[in-house]
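Written out below as C-alpha cells is the structure these notes cover.
The values are calculated or read from the model by the stated rules, or taken from the named source; none is laboratory data. Bear in mind the structure is a predicted one, so any value in this text is a computation, not a measurement. All Cβ positions, glycine included, derive from the backbone under ideal geometry; neighbour counts span all protein chains shown.
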Amino acid sequence: MTADAPDPLFGISERQPPANLAAEQSLLGAIMANAKVYDRVAEIVAPEHFADPVHAAIFAAIQRRCEAGGIADAVTLRAEFENSGVLDPVGGADYLRQLLVAMVGIINAPDYARVIRDTWLRRQIINAAAQAIDRAYGSTDSDMKAEAVLEAVDGDMLRLASSGSADTARPGHIVGDSLMRQVEAAVDRRGALAGVTWGFRGLDRMTGGMRPGQLILLGARPSMGKTSLALRISLSAAGAGHRVLFISAEMKAEAVMARAVAAEARVPLSVLTSGGLVDPEDGRWRALERGAPEIDAVAMAGAGIGRLPIVWDDGVFTVPGIRARARRMQREPGGLGLIVVDYLGRLRASTLAMRQSNAAMASVSEISAGLKDLAMQLGVPVLLLSQLNRQVEAREDKTPQLSDLRDSGALEQDADVVAFLIRQHYYLTRNEPRRRSNEKAADFEERVRLWEADVAREDGRGTIIVAKQRQGPIGPVRVRFNDATAEFTDERPGEGGAD
C-alpha cells in the first residue's frame, strides 16, 4: 500500500451493518396473517437472525406460541406485549397492526426469511473479520501467534459456512432420485472403487474404499505397526492419484518418511538412521559406503515417494489446525483426497474440554466429533490412528474389541469404520512356554512344539479386523508383514484377502 493509498480499514466502523428491516416486517406480518406461514420458515430463521431487537422479540413470541400449538396473531400477541414495554421503542402494541399493513404477500414469506438469514450471516462475517483484525493487531490477545490467528479465523469462517446453510429438508422423491443416481453410478463402475483405495485388496472389497465424508478409525496396541500401515495406505492412495495430507503429531516428518522409504526400498530402517546394517552372516553391524546397493535403493525409493502427492505436516496438534491446513490444501490445484492423522493421543483439545470434570473423555469426544465434521464438510475421508487400552494385554485372547477403544463411546459413535490391527506373532514370540512345576517333560515338549508351530504359522502375517462399518460387512482381512522393514503388503498372489 502506497503512502497516498487509503487505508482499507478506514471507515469500516462508520458503515451500517447489513440489514433488511422491510423483509423482517413483511415476514412477521405474513405469519400473523396466516399461522401456516410459520411452518414454512421455521427451519430457515430464528429470533437471533433478526437485525431489529424488537422484531427478534416478536418472532420469539410467535415461535413460542406456534410450537406450543397456540395462535400467534395480532390479537394474542398484543395481549402478550401490551404491558411488557418491549414494543415501546416502536410506539407500543399498535406496531403489530403496522406489521400487518407492511405485509406484501404470504406466498413470498420463505424468500423474506432467506433474505433475513443472509443479512444475519453477513453481520456474523463482519464480526468475525473484526475480531480477526483485533487478534492480528494484538489488542485481543497479545500472546496469540500469527499462525494461531489464522487457525482461529479459519475455524470461525468454517462454523459460519456450516451455519449459513438452511432448509436442508428434502421430500422423499428427491432423496429417492439421488439414491438411484448413486446406485446407477455403482453399477456403471463395474466393481471399481467408490472411494480411495486402502492399498489392500481384501479391505477394498469389504469397504469399497475409503469414502468421502467418512471418519475411519485404525486402532492397535503399541508395536503393532499403526504408523507403518498408515504409511502404506497413504502411499497407495497417493499412487492412485489422490492428494494426501499426512498429519504426524508423534514424529517429525523426516522420521515418518524414513519408515516409508525403508519399506519401499526393502531395507532395514537402520540404513537410513545410522548408515549401516547388521550383516546376516556374522551378526555384526557394518557401515555402508555411498554407492552401496542399499543406499542406491534408498535414493530411488526416496525420489519416488517425494514425487507422490503427499503433504507431510508435523507441526499441527489441534483439530482447528488440521482444518486450516486441509482447507488450504483443498483449494490448491489437485484438491485433497485423504487426511491421515497419526495419532489421536497426541492431539490437543480446547481449553473448555480440558476444564470438564472428565477431561480425558471430553477431549476425545471433542476431537472425534471435530474430525468427523471435517470429513463431512470437506467431503474427504479422514483416517485417524488410535492406541487401544491396556486391557487387551490382560486377556488371553489379544484380539481387539470395540470396548478396547480409548473412551470408546465417542469414538465408536463418530467413526463410520473401525478397523483394528493385530500381529499374533508379536505376542507369541513374547510368550515362550515355561515349564510348570510338576509338569511332565513330555507334556512340556508338546506345548513347546505347538507354540513353535503357532510362531511359524503367524510369522510374516498380520490381520486387519473391520469391527464396525455403517454400510458394509465386518470381518478380518489378512496382510503380510516384513519385520525387518516394518512393511505391510497385500496377501501373496493366489492366497486371497479376506478370511
When you look at Arg114, is it in a helix (DSSP H, G or I), farther than 30 Å from Ile62 by Cα and either of a type in the set (Lys, Arg) or not assigned by TED's automatic domain parsing to the domain that holds Gly85 (or both), yes or no? no
So which residues in the range 351-367 are over 17 Å from Asn389 (Cα atoms), in contact (Cβ under 8 Å) with a residue 24 or more places away in the chain and of a type outside the set (Asp, Glu)? Ile367
Condition first: in contact with a Pro (Cβ under 8 Å, 6 or more places away or on another chain) and either assigned to a loop (DSSP other than H, G, I, E, B) or outside the structural domain of Ile465 (by TED's automatic domain parsing) (or both). Now tell me which residues in the range 388-419 satisfy that. Leu388
Taking the residues in the range 260-293 that are part of a helix (DSSP H, G or I) and buried (at least 20 other Cβ atoms within 10 Å of the Cβ) as candidates, determine which candidate is farthest from the chain's Cα centre (by Cα). Val271
If you take the residues of the range 65-82 that are under 40 Å from the mean Cα position of the chain (by Cα) and within 18 Å of Ala30 (Cβ to Cβ), which of them is surrounded by the fewest Cβ atoms within 10 Å (Cβ to Cβ)? Glu67
Contacts under 6 angstrom Cβ, first residue in the range 424-436 being under 13 Å from Glu458 (Cα atoms), partner part of a loop (DSSP other than H, G, I, E, B) and at pLDDT below 90, 6 or more apart: Tyr427/Lys398
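Residue by residue, here is whether (1) closer than 30 Å to Ile367 by Cα; (2) at pLDDT below 90 holds:
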site: Leu405; (1), (2): yes, yes
site: Gln413; (1), (2): yes, yes
site: His425; (1), (2): no, no
site: Arg435; (1), (2): no, no
site: Arg447; (1), (2): no, no
site: Ala453; (1), (2): no, no
site: Thr463; (1), (2): yes, no
Within the range 447-456, does at least one residue satisfy the condition of being assigned to a loop (DSSP other than H, G, I, E, B) and surrounded by fewer than 18 Cβ atoms within 10 Å (Cβ to Cβ)? no
From the list Thr318, Thr351, exactly one residue is assigned by TED's automatic domain parsing to the domain that holds Asp279, hydroxyl-bearing (Ser, Thr, Tyr) and under 12 Å from the mean Cα position of the chain (by Cα). Which is it? Thr318
Has the range 3-14 got at least one residue that is surrounded by fewer than 18 Cβ atoms within 10 Å (Cβ to Cβ) and at pLDDT 85 or above? no
Within the range 466-478, the count of residues that are out of contact with any Leu (no Cβ under 8 Å at 6 or more places or on another chain) and outside any loop (DSSP other than H, G, I, E, B) comes to 4
